[in-house]
Amino acid sequence: PAGGRLQRPPTASNRNGFVSCFSVNCVRFGDWRIDELGNGDVRAHHGNIFQRLMQQMCVDLPNFTAKEFAENELFDDSCLKLPIFWLCISCFPKTFFPELVGLNLAMELAGIGGEYRRSGDILRYYGFSAQFTNLHNTIDNIISGHTAWAIQAIKIHLDKVIQIDGKHAVEFIDAPIA
């Protein structure tokens with residue numbers, strides 16, 4: 001689930017919503033969710049983009065809120081282990097905050113560059129839209145996108161740890177975070 005690891009998404013009336021434990025660390029995680037939701041443009045909502053891709057591939061899925069969707073034979077239950085893990089620890093953001101910011105960085109880094117490019121090439125080769133992969137390769141970028149935000153969140157968190165527990169609390173880090 002896109003962004004599900006980031007609890008309490010912003011509402012339409014609260015665009016700059018914060019995840020409560022993340023806000024303690026001065027990071028606006030609500031912007032992640034706004035990007036995933038298409039920044040107010042229904043056509044750019046990532047779920048809708050992916051649905052259009054499935055339609056291009058002639059894959060007919062039930063509505064995602066229907067029981068038939070959850071039970072669809074096209075889904076391999078083992079593929080849900082990681083998203084379920086993310087959702088589970090996101091229910092306890094204060095307890096698992098270091099894990100959440102670390103997993104968030106890993107998730108944002110997972111596809112940028114090579115993997116998204118390869119996926120886009122394969123989609124285009126077979127005549128399908130690569131909009132979904134191109135979009136993520138752009139917004140997840142390491143300089144100013146979601147990956148940069150994830151790195152900033154970790155830096156802020158580690159600074160807080162040092163302020164509260166002292167420098168010895170982060171001495172296990174071999175090199176500074178870029």
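The values are calculated or read from the model by the stated rules, or taken from the named source; none is laboratory data. Keep in mind that this is a model prediction, so the values were computed, not measured. Reconstructed Cβ throughout: ideal geometry from the backbone, glycine too, with neighbour counts over all protein chains shown. Each accessible area value is taken on the protein alone, full model and side chains, heavy atoms only, with ligands, DNA and RNA left out. Shrake-Rupley method; radii C 1.70, N 1.55, O 1.52, S 1.80 Å.
Below is a table of values for the structure above.
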item	result
Qualifying residue in region 50-71 (condition: of a type in the set (A, V, I, L, M), closer than 25 Å to residue 137 by Cα and within 15 Å of the chain's Cα centre (by Cα))	no
Selection status of residue 177, open to solvent by 30 Å² or more (accessible area, probe 1.4 Å), modelled with pLDDT under 85 and either part of a helix (DSSP H, G or I) or more than 22 Å from residue 112 (Cβ to Cβ) (or both)	no
Filter pass, residue 138 being of a type in the set (S, T, N, Q), in contact with an Asp or Glu (Cβ under 6 Å, 6 or more places away or on another chain) and within 22 Å of residue 37 (Cβ to Cβ)	no
Condition met for residue 104 (in a helix (DSSP H, G or I), in contact (Cβ under 8 Å) with a residue 24 or more places away in the chain, closer than 21 Å to residue 37 by Cβ and within 20 Å of the chain's Cα centre (by Cα))	yes
Residue 145 vs. criteria free of Cβ contacts under 8 Å to residues at least 60 places away in the same chain, open to solvent by less than 60 Å² (accessible area, probe 1.4 Å), over 19 Å from residue 35 (Cα atoms) and of a type outside the set (Asp, Glu)	no
Elements of type helices (runs of 4 or more DSSP H) contained in region 8-76, each with 2 or more residues being at pLDDT 75 or above	30-36, 46-56, 67-70
Residue in region 108-137 that is farthest from residue 154 (Cα to Cα), counting only those that are surrounded by fewer than 19 Cβ atoms within 10 Å (Cβ to Cβ) and either at pLDDT below 85 or among the small types (Gly, Ala, Ser) (or both)	127
Close pairs from region 115-128: first assigned to a helix (DSSP H, G or I), partner at pLDDT 95 or above and open to solvent by 40 Å² or more (accessible area, probe 1.4 Å), Cβ under 7 Å, at least 6 apart	123/129
Per-region count, region 145-169, residues outside any helix (DSSP H, G or I) and under 21 Å from residue 135 (Cα atoms)	1
